[in-house]
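**Student:** Pasting a structure below so you can have a look.
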């Protein structure tokens, strides 16, 4: 019976070798140990074709007799199979991982594997850090932590593009391109797909994390995370008003306290901005020319623009005492 059992195990190992011809000798020996037998060097190197008849000799005669004896014995129980299956899956996984490492997949815009390299981060103006509190806990569809240094760069660049006439996707690319120099094609591809994706509800459950951290992410994943963050920041910096929805509110946390904004639109008449500041500061509303109001203590400020034109974007800046740079918003009339 022991001889029959060994023959059965050897036949199973032959099948595994045929399915995984590139399996190494240690893999086969490990599979042998999982089955409770030892794989000989001769067996590990040979891969016989089970469909090709062999000349009859003493060894094959013994095998035939054992095979006939095996046919008379009960077949393997299902409970014995999982051990083989688990080892087979492990060997298959190792084989596939090796193939992927030898031939890494490429993105649609690539014809070969590219080394994105690591570039020096752009210099961030010191004043932007005072406004960063609002975006530190930015909510992304993918729950991955983005370093503050990256968020600071994105906040600064998003302020530069939010008042521009660029399309939304182009704004995102422009906001993150300094983080990934020379990767405009890849960024454009990702931005197009991002803008075409449906927006997630704020109450939707977050996606199961696939990325442990921004630093551990692949370059393309860092691009996507940066674009997602830029999209949220641009959205926060944009106050949209229409004839149907003439009021827009915004709340922004800073190191000095909370700034609140309210924009009220009266079609063909005016745009009025009211703000509450946690300390002294300045409010500037731009339309070719600028309207500026300021105060030295905490409290309210307001500015008004007359005869606004639908489809136009107007600039809005809030400056606080103690912060070196103002924060730029955009008022969009749709």
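The values are calculated or read from the model by the stated rules, or taken from the named source; none is laboratory data. This structure is a prediction, so every number in the text was calculated from the model and none was measured. Here the Cβ is made from the backbone with ideal geometry for all residues, glycine too, and neighbour counts use every protein chain on show.
**Student:** Take the conditions under 15 Å from residue 303 (Cα atoms) and assigned by TED's automatic domain parsing to the domain that holds residue 305 and apply them to residue 275. Does it pass? Can you show your working first?
**Tutor:** On the way: under 15 Å from residue 303 (Cα atoms): yes; assigned by TED's automatic domain parsing to the domain that holds residue 305: yes.
Here the answer is yes, as residue 275 does meet what is asked.
**Student:** Filter segment 75-129 down to residues that are closer than 20 Å to residue 178 by Cα and part of a helix (DSSP H, G or I) and give me whichever is modelled with the highest pLDDT.
**Tutor:** Selected residue: 129.
**Student:** Can we say residue 275 is closer than 24 Å to residue 133 by Cβ and part of a loop (DSSP other than H, G, I, E, B)? Spell out the reasoning first.
**Tutor:** Details: closer than 24 Å to residue 133 by Cβ: yes; part of a loop (DSSP other than H, G, I, E, B): no.
For residue 275, the condition - closer than 24 Å to residue 133 by Cβ and part of a loop (DSSP other than H, G, I, E, B) - is not met.
**Student:** Every residue in segment 251-266 that is crowded, with 16+ Cβ neighbours inside 10 Å and assigned to a loop (DSSP other than H, G, I, E, B), please.
**Tutor:** Of everything in segment 251-266, just one residue is crowded, with 16+ Cβ neighbours inside 10 Å and assigned to a loop (DSSP other than H, G, I, E, B), namely 256.
**Student:** Turning to a different aspect of this structure: I need the strands (runs of 3 or more DSSP E) fully contained in segment 286-334, keeping only those with at least 3 residues that are more than 39 Å from the chain's Cα centre (by Cα), without any contact (Cβ under 8 Å) to a residue 24 or more places away in the chain and surrounded by fewer than 18 Cβ atoms within 10 Å (Cβ to Cβ). Step through it out loud before you land on a result.
**Tutor:** Details: elements: 289-295, 299-306, 313-320, 327-333.
The strands (runs of 3 or more DSSP E) meeting that bar are 289-295.
**Student:** Exactly one of these conditions fails for residue 251: (1) free of Cβ contacts under 8 Å to residues at least 12 places away in the same chain; (2) out of contact with any strand residue (DSSP E or B) (no Cβ under 7 Å at 6 or more places or on another chain). Give me its number.
**Tutor:** Residue 251 satisfies every listed condition except (2).
**Student:** Only one of these is closer than 16 Å to residue 314 by Cα, surrounded by fewer than 21 Cβ atoms within 10 Å (Cβ to Cβ) and at pLDDT below 95: 248, 269. Name it.
**Tutor:** 269
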